[in-house]
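Here's the structure we're looking at; comments come further down.
Derivation of every value follows stated rules applied to the coordinates shown; laboratory data play no part. Note that the structure is a prediction, hence the values are computed from the model and not measured. All Cβ positions, glycine included, derive from the backbone under ideal geometry; neighbour counts span all protein chains shown.
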């Protein structure tokens, strides 16, 4: 890939939180950012989180077995969810590209006239678990810097929702989501103090 | 996106979020006031119907914001029903938080915004009728200042963002 460094997160491949990996190309020097004793290797002090690392290893193993099959499966679910949302719900915008240049498991959509945190709560009350790039879902009360960096307006970031599909999801999960989602969005748009017709 | 940890919302907040009381615009409102902005991701609009004796006959809200924001706006409309403007003025963000069963600290700003919007509405009423009661302070209260700061800060950030594009 020709990179100098690469980070990998365990939880992004359905492994446990608390473990990650850093690839550093030979010859690249990295400065320490955390100092302390008990160092078994030069970059990071402290005792390794062995259970999490083992979980990370098992997650990687599982992710790599039947890899192509899983990727196709995720892409199909991803694309049917994207289509269902963009065609079925007005004032929505896909964040990021479609098709091959898009991560197979990622559906990130901005719902205008709705705030993201409220939508994540409403969806969770209906059995659908997602996250959002709104300021109110961030611990520092700032909207997703990634969405702002790709040129989205603040409102679009506040209304953004991230759905992740996995090899464990089924087309029925997508159907259920597409049943529940428009109702939640509608309800919150009725509560909202900003409405398309008032603009 | 930061990892989202589900917030310890109280039962009351979830209840009001699911079934907000006094929701919707009021056609025949005496006054209407808004605090916050869509750019903040935090915005509350109150509609008040005020009787001649300066008591609040009816109050409704609309809100663009998180679950706590919606609950705070809704509970505020319940708290002020039937009260005189003088009594309604005294409601603080802590009262709102308490009535909601306690807001998590990261959500205090929702109670503050609700009070900011309410006080704006009360000021708007007195401007409309051209009177100024002695109990109405000249200077903005903390909750009103916070709303203003939020609105201004976003303006500044948006301008900076546009300049970079």
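A few points about this structure:
- Taken over the protein assembly as shown, the alpha-carbon convex hull comes to 186 cubic angstrom per residue.
- Angle between chain A longest axis and helix A:116-125 axis [Cα atoms, degrees, rounded to 10]: 90 degrees
- Computed Rg/Rh of segment A:3-94, alpha carbon atoms with Kirkwood Rh: 1.14
- Other protein chain C-beta atoms within 10 Å of residue C-beta, averaged over B:28-39: 2.
- By the Stokes-Einstein formula, at 1.567 mPa s and 4 °C, segment B:1-120 with its Kirkwood radius over alpha-carbon pairs has D equal to 91 µm²/s.
- Degrees between helix B:108-129 axis and first principal axis of chain B (Cα, 0 to 90, nearest 10): 30 degrees
- Rounded to the nearest 500, the 222 nm mean residue ellipticity of chain B from helices alone is -15000 deg cm²/dmol, with -39,500 (n - 2.57) taken per DSSP H run of at least 4 residues.
- Within the listed set A:176, A:23, A:57, the Gaussian network model of chain A (springs between alpha-carbon atoms below 10 Å) gives the highest mean-square fluctuation for A:23.
- FRET efficiency for residue B:94 and residue B:164, using Cβ-Cβ distance with R0 set to 35 Å, rounded to 0.05: 0.35
- Against chain A, whose longest principal axis comes from its Cα atoms, helix A:171-191 is set at around 60 degrees.
- Kirkwood Rh and Cα Rg combined as Rg/Rh, chain A: 1.03
- Note on residue A:3 and residue A:50: their simple-model spin labels are 2.9 nm apart, each label 7 Å out from Cα toward Cβ.
- Relative contact order for chain B, counting Cα pairs under 8 Å that sit 6 or more residues apart, in percent: 24 percent
- Gain on full stretching of the segment that runs from residue A:71 to residue A:100 - 0.36 nm per residue minus C-alpha separation: 9.3 nm
- Segment B:58-160 has equivalent-ellipsoid semi-axes of 22, 19, 12 Å, by the square roots of 5 times the alpha carbon gyration tensor eigenvalues, sorted largest first.
- Separation of segment A:103-122 and segment B:6-84, taken as the distance between their Cα centroids, equals 24 angstrom.
- Between residue B:15 and residue A:141, the simple spin-label model (points 7 angstrom out along Cα→Cβ) gives 2.7 nm.
- At R0 = 41 Å, FRET efficiency that the Cβ-Cβ distance of residue B:25 and residue B:155 yields, to 0.05: 0.95
- Mean ellipticity per residue at 222 nm, deg cm²/dmol - from DSSP H runs of n ≥ 4 across chain A, formula -39500 (n - 2.57): -12500 deg cm²/dmol
- When only Cα pairs below 8 angstrom with a gap of at least 6 residues are kept, segment A:60-199 shows a relative contact order of 28 percent.
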